[in-house]
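One structure below.
The values are calculated or read from the model by the stated rules, or taken from the named source; none is laboratory data. Just so it is clear, the structure is predicted and the values come from calculations on it, not from any experiment. Cβ coordinates were reconstructed from backbone atoms using ideal geometry, including for glycine residues, and neighbour counts include every protein chain displayed.
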Amino acid sequence: MGAASAPRLTNDQMAHLLALTRDADSVELKLTVPDSERGAAIAALDMDPLGAQIRQVVFFDTPDLDLYRRGLVTRARRIQGKPDDSVVKLRPVVPNDLPDELRATQGFVVEVDAMPGGYVCSGSFKATLDEPLVRDVVRGRRPVRRLFSKAQRAFFTAHSPDGIDLDDLAVLGPINVIKLRFRPEGFDRRLVAELWFYPDGTRVLELSTRCEPSETFQVATEARVYLAGRGLDLDGEQQTKTRMALERLAG
């Protein structure tokens, strides 16, 4: 039996996506590649693994994923050669429903992630850490709240279930990730490839490119034509890295 196909967006969904992108700060177009086709995709796009960067991603949630079910994602990362960072993400959101004060706050962005058959608009509160703390938090040496700024903590409190504090959350991870930024031959935009290694041995390769909201449909069309021309399956079932991570790490 062949792999399931990603559903096509309806006309109403396309109209909704267009409305969201008009008011978003950025758009990221994504495609996940089945592990059975990973090697072929790497070869087709001539990716050089020696240019990749190593990362570790850690999520924080309850064992029952109460935050994720509420649309809230809390995450921190260790990045080779760069400072640690963290994010509190709420999804889905409608950009026009967010307070102007929040939209103007440093570190807060509204992002649309789109992939074949689906899309989501998120409000993300990001911060770069002044010191490398993620490893200490994973080892239980520092409290989880130390990874998040005052503004991030306030955003978390405003949207988290009652009675759940950052320091109550379980550490889920880390997950090892290899990230490669490259410009493939014949395509005039930079692509990003992320290969996630899950604890159960599952791997997911995600290809993505960012664009201005006004460019969404043009860039999506160009990317689709290019990747299809390289033999990549654009209609296969799509996976999201975060959902797969939390489902495999929770409990």
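Can you work out which of the residues in the stretch 211-236 that are surrounded by 15 or more Cβ atoms within 10 Å (Cβ to Cβ) and more than 19 Å from LEU17 (Cβ to Cβ) is modelled with the lowest pLDDT?
So, considering only residues that are surrounded by 15 or more Cβ atoms within 10 Å (Cβ to Cβ) and more than 19 Å from LEU17 (Cβ to Cβ), the one modelled with the lowest pLDDT is GLY236.
Would you be able to say whether some residue in the stretch 61-82 is farther than 24 Å from THR209 by Cβ, crowded, with 20+ Cβ neighbours inside 10 Å, touching a Gly at 6+ places or on another chain (Cβ under 6 Å) and not aromatic (Phe, Trp, Tyr)?
No, every residue in the stretch 61-82 fails to be farther than 24 Å from THR209 by Cβ, crowded, with 20+ Cβ neighbours inside 10 Å, touching a Gly at 6+ places or on another chain (Cβ under 6 Å) and not aromatic (Phe, Trp, Tyr).
Hey, does the stretch 30-50 have a residue that's touching a residue at least 24 places away in the same chain (Cβ under 8 Å), of a type outside the set (S, T, N, Q) and within 30 Å of PRO161 (Cβ to Cβ)?
yes
Given the conditions (1) free of Cβ contacts under 8 Å to residues at least 12 places away in the same chain; (2) touching a Leu at 6+ places or on another chain (Cβ under 9 Å); (3) not hydrophobic (A, V, I, L, M, F, W, C), report the number of the one that GLY71 does not fulfil.
Exception for GLY71: condition (1).
Polar (S, T, N, Q) and at pLDDT 95 or above - does that describe any residue in the stretch 78-89?
There is at least one residue in the stretch 78-89 that is polar (S, T, N, Q) and at pLDDT 95 or above.
Considering only the stretch 13-33, state which residues are assigned to a strand (DSSP E or B) and either touching a Leu at 6+ places or on another chain (Cβ under 8 Å) or on the phi > 0 side of the Ramachandran plot (or both).
Of everything in the stretch 13-33, those that are assigned to a strand (DSSP E or B) and either touching a Leu at 6+ places or on another chain (Cβ under 8 Å) or on the phi > 0 side of the Ramachandran plot (or both) turn out to be LYS30, LEU31, THR32, VAL33.
Just one of the numbered conditions (1) modelled with pLDDT under 95; (2) small (Gly, Ala, Ser); (3) under 24 Å from SER36 (Cβ atoms); (4) not in a helix (DSSP H, G or I) is not true of ALA245; which one?
Of the numbered conditions (1) modelled with pLDDT under 95; (2) small (Gly, Ala, Ser); (3) under 24 Å from SER36 (Cβ atoms); (4) not in a helix (DSSP H, G or I), the odd one out for ALA245 is (4).
So, of the residues in the stretch 182-205 that are within 18 Å of the chain's Cα centre (by Cα) and within 21 Å of THR21 (Cα to Cα), which turns out to be surrounded by the fewest Cβ atoms within 10 Å (Cβ to Cβ)?
Filtering the stretch 182-205 for residues that are within 18 Å of the chain's Cα centre (by Cα) and within 21 Å of THR21 (Cα to Cα), the one surrounded by the fewest Cβ atoms within 10 Å (Cβ to Cβ) comes out as ARG190.
What number of residues in the stretch 160-181 are over 16 Å from LEU246 (Cβ atoms), loosely packed, with under 15 Cβ neighbours inside 10 Å and over 16 Å from the mean Cα position of the chain (by Cα)?
So the answer is 5.
Of all residues in the stretch 213-242 being among the hydroxyl-bearing types (Ser, Thr, Tyr) and in a helix (DSSP H, G or I), which is farthest from MET47 (Cα to Cα)?
Per the stated criteria, the residue is SER214.
Could you tell me how many of the residues in the stretch 62-83 are under 16 Å from the mean Cα position of the chain (by Cα) and under 16 Å from VAL137 (Cα atoms)?
Adding up the residues that qualify gives 6.
Could you check, for the stretch 110-126, whether at least one of its residues is more than 30 Å from GLN13 (Cβ to Cβ), at pLDDT 95 or above and either part of a loop (DSSP other than H, G, I, E, B) or of a type in the set (D, E, K, R) (or both)?
Checked the stretch 110-126: no residue is more than 30 Å from GLN13 (Cβ to Cβ), at pLDDT 95 or above and either part of a loop (DSSP other than H, G, I, E, B) or of a type in the set (D, E, K, R) (or both).
Output the residues belonging to the stretch 212-251 that are under 30 Å from VAL171 (Cα atoms) and hydroxyl-bearing (Ser, Thr, Tyr).
THR240, THR242
Answer yes if at least one residue in the stretch 51-60 is surrounded by fewer than 19 Cβ atoms within 10 Å (Cβ to Cβ) and at positive phi, and no otherwise.
There is no residue in the stretch 51-60 that is surrounded by fewer than 19 Cβ atoms within 10 Å (Cβ to Cβ) and at positive phi.
Do you know which of the residues in the stretch 93-105 that are in contact with a helix residue (DSSP H, G or I) (Cβ under 8 Å, 6 or more places away or on another chain) and assigned to a loop (DSSP other than H, G, I, E, B) is nearest to LEU166 (Cα to Cα)?
THR105
Return yes when SER124 is surrounded by 13 or more Cβ atoms within 10 Å (Cβ to Cβ) and free of Cβ contacts under 8 Å to residues at least 40 places away in the same chain and no when it is not.
Answer is yes for this residue.
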